[in-house]
Amino acid sequence: MVRCFRDPSCEVDFVIESEMDPRYPVVFGACLTQFTIVGLLFTVGLFFDVFEEEFGWSRTILSGSTSLAFLSMGVLAYFGGRLSDRYGPTVVLATTGLLYGVGFALISIVGEPWQLVALFGIFLGMGLATHDVVTLSTIARWFGPRRGLMTGVVKVGTAVGQMVLPLLAAVLMAAVGWRHGALALGYGGAALLLIAAFSVSAPPKNWISAQSSAQATARATAQSTARASERRGPTFAAVRRGRPFWTLCLIQFLFFPSLMTVPLHIAVHGIDLGMTRTAAATLLTLIGGASAVGRMSVGTFTDRIGGRNAYILSLVLLVAALLLLLTVRTPWALFAVVTVYGFAHGGLFTVVSPTVAEFFGIRAHGAIFGGIVFFGTLGAAVGPVMAGRVFDITGSYDFAFGALAAMSAGALGLALTLPGRRIR
């Protein structure tokens, strides 16, 4: 591979040969961050019935702690994006990753509801705040025309974490108990997140990739024009004055609760339908597998058909899956529905970052992305606790699934109003 830099003292690009594309460690670190953060988050639902049996805690309390983590995520994501824009991703990811892993390990010593709330609201919220904003903004800077595809590649790390870690958690809980299981998962996660953080770096100024010296010259000219266009992109202050930004924020607010609520409650919902804990964990694994397909597919679609159409595709499938959840009463049917849900889940986690870059460039990508994520997490803070409260009152998730379907349908309607071209 080669790298092209623009010499600040002249107008000519020059080529430096490199044995390894420096983006490989960045993609690895971003994937590992996604794998660990979201994979551990998906294991939380497996602890619900344990806490109900051992402490008598309601699902409102249990899901409320997770809702607080999502609220913290939204508040801190804005600052995480700006800090990453200014200081680079490594320090931000290392700090928040360590706190996330230690916070998860401390679940092993909880004995009161307020302790669980504090751990989720502070420690886990910090890790969640940066895992998307920082990694995906960094990927957007390293990759130009293929940023949608590469965002999908990175988000496959999330899907693999969703597939692997819930099953690992179920095995550990059966073998050594839930306390030792949480301890092992937390400290192991902290180690992985530190490795990941030191693999993710910001690109050098004016960096371009090419496959040969001959290609580099031609490609440098085209991408230099693209970079200049992106640098002329609007500031965050200018973006906030336009309707498209607020439309994206409202879309995120409406669909994001479904992405946070269903994975949190689906395992215990499966247990309610008669599944064992291990079988219920496979629901999360299936969501992860379908999500991986959705991430890669929608990432590729975003590059080819644009962010608006990729949003519409994902939201149609999400609404369909949520409506089907209202009718499912048997475990085998639940497996089929979560497959559809998983594809939409993965697609919606992939489409946002490249769409922000498509519409607004990368000049203020971290801040814009962080602002949109903030509004999503406001909705996500309501979704899980709403579902838990509904179950405590009615003994069923039907009303919760119906409310999530209605909100996602609203997001679909707004997606139809998005522009089909880049905003200058």
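The values are calculated or read from the model by the stated rules, or taken from the named source; none is laboratory data. Because the structure is predicted, anything quoted here is derived from the model rather than measured. Counting neighbours? That spans all protein chains shown, and the Cβs are built from the backbone with ideal geometry, glycine included. When the accessible area is computed, the model is the full protein with side chains, heavy atoms only, and any ligands, DNA or RNA have been set aside. Shrake-Rupley method; radii C 1.70, N 1.55, O 1.52, S 1.80 Å.
Structure values in brief
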{"read-out": "Selected residue (criterion: modelled with the lowest pLDDT) from residues of the stretch 164-184 that are under 13 Å from GLY39 (Cβ atoms) and crowded, with 24+ Cβ neighbours inside 10 Å", "value": "PRO166"}
{"read-out": "Some residue of the stretch 392-404 being open to solvent by 10 Å² or more (accessible area, probe 1.4 Å) and under 30 Å from SER137 (Cα atoms)", "value": "no"}
{"read-out": "Residue within the stretch 45-57 that is open to solvent by less than 50 Å² (accessible area, probe 1.4 Å) and charged (D, E, K, R) present", "value": "yes"}
{"read-out": "Residue match in the stretch 355-376 (condition: part of a helix (DSSP H, G or I), under 18 Å from the mean Cα position of the chain (by Cα) and under 20 Å from GLN162 (Cα atoms))", "value": "no"}
{"read-out": "Any helices (runs of 4 or more DSSP H) falling wholly within the stretch 80-144 and containing at least 3 residues that are under 19 Å from the mean Cα position of the chain (by Cα)", "value": "89-105, 125-131, 133-142"}
{"read-out": "Top-ranked residue of the stretch 218-269 - restricted to ones that are touching a Lys or Arg at 6+ places or on another chain (Cβ under 9 Å) and among the small types (Gly, Ala, Ser), ranked as modelled with the highest pLDDT", "value": "ALA267"}
